[in-house]
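S.K.: Below you'll find the structure I mean.
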Amino acid sequence: MTREEILNELKKVFAPYTTNKEMLDGINDQTDLIRDLKINSANLVDIIIDAEAKYNIEIDYDSADKMINVGSCIDVIYDKLNQK
């Protein structure tokens, strides 16, 4: 799976949790989940759980802690997929 494919799928994962729907269409690696997408910190856990289910991966605490922007989310998912 490519980074672009992961990005397109992540948009679907983020959609239910963001209050800034307009920003969702133009996300890039630097898009901050909390500041830009207005996702609250409690929903970050839900996003991680949804990503684990969607990609059939396990995201450990250290990896989850790195998931602060879209690029880092893609990196974590990409790495986990390639470890399989």
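The values are calculated or read from the model by the stated rules, or taken from the named source; none is laboratory data. Note that this is a predicted model, so its numbers are computed, not measured. Glycine gets a Cβ as well: all are built from the backbone with ideal geometry, and neighbour counts include every protein chain shown. Each accessible area value is taken on the protein alone, full model and side chains, heavy atoms only, with ligands, DNA and RNA left out. Shrake-Rupley method; radii C 1.70, N 1.55, O 1.52, S 1.80 Å.
S.K.: Looking at segment 45-71 only, could you name the residues that are open to solvent by less than 60 Å² (accessible area, probe 1.4 Å) and in contact (Cβ under 8 Å) with a residue 24 or more places away in the chain?
M.R.: Residues satisfying the conditions are D46, I47, D50, A51, Y55, I57, M67, N69, V70, G71.
S.K.: Part of a helix (DSSP H, G or I), at pLDDT below 95 and hydroxyl-bearing (S, T, Y) - does that describe any residue in segment 30-41?
M.R.: yes
S.K.: Do we have any residue at all in segment 43-50 that's in contact with a Gly (Cβ under 9 Å, 6 or more places away or on another chain) and among the polar types (S, T, N, Q)?
M.R.: no
S.K.: In segment 4-31, which residues are within 21 Å of Y78 (Cα to Cα) and surrounded by 13 or more Cβ atoms within 10 Å (Cβ to Cβ)?
M.R.: I6, L7, E9, L10, K11, V13, F14, L24, I27, D29, T31
S.K.: Can K12 be described as under 11 Å from the mean Cα position of the chain (by Cα), farther than 20 Å from N82 by Cβ and not hydroxyl-bearing (S, T, Y)?
M.R.: Yes.
S.K.: State all residues of segment 56-77 that are part of a helix (DSSP H, G or I) and within 11 Å of the chain's Cα centre (by Cα); if no residue qualifies, say none.
M.R.: Across segment 56-77, the qualifying residues are A64, K66, V70, G71, S72, C73, I74, D75, V76, I77.
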